[in-house]
Every structure is written in structure tokens, then in C-alpha cells.
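*Asks:* Below is one structure. I have some questions about it.
The values are calculated or read from the model by the stated rules, or taken from the named source; none is laboratory data. From a predicted model like this one, the values you see are computed outputs, not experimental measurements. Glycine also receives a Cβ, built like all others from the backbone with ideal geometry; neighbour counts cover every protein chain displayed. Heavy atoms of the whole protein, side chains included, go into the accessibility calculation; ligands, DNA and RNA do not. Shrake-Rupley method; radii C 1.70, N 1.55, O 1.52, S 1.80 Å.
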Amino acid sequence: SLCAFGADEKPKFNVVHGPADAPLGSIAIQKMPEGYVFLDGKDTRTLLEAAGEPTSGEELGMLRSTNADFSIFYEFSETGYVKDDEKNKLNPDKLLASIKKGNDAANKARVKAGNPPLEIVGWEVPPRYDEKTHNLEWAIRATSEGQPLLNYNTRLLGRKGVMEVVLVVTPDKLGETLPEFRELLKDFSYQSGQSYAEFRSGDKVAKYGLGALVVGGAAVGAAKL
């Protein structure tokens with residue numbers, strides 16, 4: 001299994017065991033309780049590349065539960081400040097059509113790497129935005145070689161860009177994993193000067209809004225299990 005790293009792989013990976021503060025570059029910190037292990041961005045890329053998975057070069061790390069079968073991937077896009085004025089205009093049908101188009105392109109890379117293509121089935125959870133936390137979330141159901149896969153996407157808006165957090169879990173385990181995942185994200189924090197609320201006039205503003213975030217990162221990592 002792609003995510004089965006542990007004690008036997010110490011020479012290859014620098015594995016941090018919880019409880020610990022997992023640094024996500026110099027941008028944010030994810031507090032990690034016991035029962036989790038963390039790999040930094042470099043090790044995360046090494047792991048993905050070894051499995052023939054596409055990487056962006058912007059990965060900041062991954063968390064893996066040692067008690068359950070799920071992983072969480074972190075990546076930061078320095079897009080600038082994303083205005084949330086589209087919060088009431090997210091059209092699930094239009095967004096899904098764009099996502100399928102993007103997935104077709106990603107499938108070419110998967111097949112080239114000798115991996116099976118991924119088929120997008122539809123929304124498990126349509127896009128929704130929380131005005132208090134500035135978190136945007138959605139979930140896509142997909143299949144690979146007939147096996148169901150689920151990608152639960154969260155975007156944590158920051159002052160200089162967006163932290164992309166992807167929960168990779170099998171669909172039958174989503175219900176029991178989601179509360180744990182959401183609890184974990186409460187212990188995510190941007191470093192001082194990096195949070196959404198700290199936006200100042202003159203900061204770089206992204207050229208697109210919430211809808212583009214959903215389309216842009218929708219199926220990335222859907223096969224990370």
C-alpha cells in the first residue's frame with residue numbers, strides 16, 4: 001500500500017510520531033495527537049513519485065493515522081488572497097463538468113505511469129463554504145478499476161494563498177473518519193501574519209474565486225490510496 005510507511009522504512013523517510021507540532025513549511029502548523037505520523041513535503045513527494053502518482057512540487061506534508069486507514073495530504077498554493085464573494089454562487093453541475101474534463105487530462109499521466117485511470121462518479125458532498133472559518137469543502141466519489149475511492153477536499157483560505165487539505169479514505173469509512181478529520185483541522189493554524197483575517201490593502205489578490213478552487217484541485221490525489 002502506498003501509505004504503508006513505518007518503522008521498517010526509517011532509512012528512507014524521516015517519520016515524525018505524534019503528539020507533535022507538524023510544521024507545514026513556514027506557513028502553518030498542524031498539531032498532531034498520538035496515533036498519527038507525519039512526513040514533510042520532500043518525503044511526501046518521494047512517496048507519491050515511487051507509486052507513480054502525479055505531484056505538484058507544492059506538497060508540504062502528509063499525516064497518516066496509525067489506528068485507521070486514512071491519510072491527509074497538505075499542499076499550499078501561493079495564489080494570493082482569494083476573495084470569497086462567490087460563496088452563494090457555487091453551481092455544483094457546472095463545477096462537476098469542469099472537474100471531469102480536468103480528470104481526463106490527469107488520466108493520461110496516470111496511464112503513462114502504468115496506473116489505471118480514474119473515473120469521476122459525482123458529488124459525495126457538494127461544495128460548501130464556512131464564512132466563520134474561511135474553509136471551503138467538498139467530496140468527490142470516484143472509481144479506479146471498479147474500486148470506489150473518495151477524496152474529501154478542504155481549502156483553508158489564508159492571507160497569501162490557500163492550504164489544500166485532502167483526506168483520502170475509502171467511501172465506507174467516510175462517516176466514521178469525518179468527525180476525527182474535522183477535529184484535527186481545529187488544531188490547524190496559520191503562522192502569525194499568514195491568516196485570512198490579516199489581509200492588508202496592497203496584498204496580492206488572486207485572479208479567481210471559490211469556484212475555480214473546486215475545479216482546480218478536485219481530483220488531485222484521488223488515487224493516493
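*Asks:* Can you pull out every residue in the stretch 94-128 that is touching a residue at least 60 places away in the same chain (Cβ under 8 Å), part of a helix (DSSP H, G or I) and aliphatic (A, V, I, L, M)?
*Replies:* 95, 99, 106
*Asks:* Here's a follow-up. So, of the residues in the stretch 38-49 that are in a strand (DSSP E or B) and not charged (D, E, K, R), which turns out to be nearest to residue 108 (Cα to Cα)?
*Replies:* 39
*Asks:* Filter the stretch 179-192 for residues that are farther than 16 Å from residue 66 by Cα and not acidic (Asp, Glu) and give the result. Reasoning before the result, please.
*Replies:* Pass one, the stretch 179-192, residues farther than 16 Å from residue 66 by Cα: 179, 182-183, 185-192.
179, 182, 185, 186, 188, 189, 190, 191, 192, listed by residue number.
*Asks:* Additional query: Over 29 Å from residue 21 (Cα atoms) and open to solvent by 40 Å² or more (accessible area, probe 1.4 Å): which single residue out of 130, 172 fits that description?
*Replies:* Result of the check over 130, 172: 172.
*Asks:* Further, regarding this structure: If residue 193 satisfies all but one of (1) under 25 Å from residue 20 (Cβ atoms); (2) open to solvent by 60 Å² or more (accessible area, probe 1.4 Å); (3) not hydroxyl-bearing (Ser, Thr, Tyr), what's the number of the condition it fails?
*Replies:* Unmet condition: (2).
*Asks:* In the stretch 75-93, which residues are assigned to a helix (DSSP H, G or I) and surrounded by 12 or more Cβ atoms within 10 Å (Cβ to Cβ)?
*Replies:* Listed by number, the list holds a single entry, 92.
*Asks:* For the stretch 15-31, give me each residue that is of a type outside the set (A, V, I, L, M) and not in a loop (DSSP other than H, G, I, E, B).
*Replies:* Passing the criteria: 17, 21, 23, 30, 31.
*Asks:* Being within 26 Å of residue 111 (Cβ to Cβ) and either of a type in the set (D, E, K, R) or over 15 Å from the mean Cα position of the chain (by Cα) (or both) narrows it down to one of 18, 52, 35, 57, so name that one.
*Replies:* Step by step, each of 18, 52, 35, 57 is checked, and only 52 is within 26 Å of residue 111 (Cβ to Cβ) and either of a type in the set (D, E, K, R) or over 15 Å from the mean Cα position of the chain (by Cα) (or both).
*Asks:* Confirm whether residue 13 is aromatic (Phe, Trp, Tyr), surrounded by 13 or more Cβ atoms within 10 Å (Cβ to Cβ) and either touching a Ser or Thr at 6+ places or on another chain (Cβ under 9 Å) or over 26 Å from residue 183 (Cβ atoms) (or both).
*Replies:* Here the answer is yes, as residue 13 does meet what is asked.
*Asks:* Does residue 63 count as surrounded by 16 or more Cβ atoms within 10 Å (Cβ to Cβ) and either assigned to a helix (DSSP H, G or I) or over 15 Å from the mean Cα position of the chain (by Cα) (or both)? Quick ask: steps written out before the conclusion?
*Replies:* Working: surrounded by 16 or more Cβ atoms within 10 Å (Cβ to Cβ): yes; either assigned to a helix (DSSP H, G or I) or over 15 Å from the mean Cα position of the chain (by Cα) (or both): no.
No.
*Asks:* Report yes if residue 155 is touching a Leu at 6+ places or on another chain (Cβ under 7 Å), at negative phi and basic (Lys, Arg), otherwise no.
*Replies:* In short, yes.
*Asks:* Let me ask you something else. Look at the stretch 153-177 and say how many of its residues are touching a helix residue (DSSP H, G or I) at 6+ places or on another chain (Cβ under 6 Å) and in a loop (DSSP other than H, G, I, E, B).
*Replies:* Count: 1.
*Asks:* Considering each residue of the stretch 178-189, count those that are open to solvent by less than 40 Å² (accessible area, probe 1.4 Å) and either within 13 Å of residue 133 (Cβ to Cβ) or assigned to a strand (DSSP E or B) (or both), and give that number.
*Replies:* Residues in the stretch 178-189 being open to solvent by less than 40 Å² (accessible area, probe 1.4 Å) and either within 13 Å of residue 133 (Cβ to Cβ) or assigned to a strand (DSSP E or B) (or both): 2 in total.
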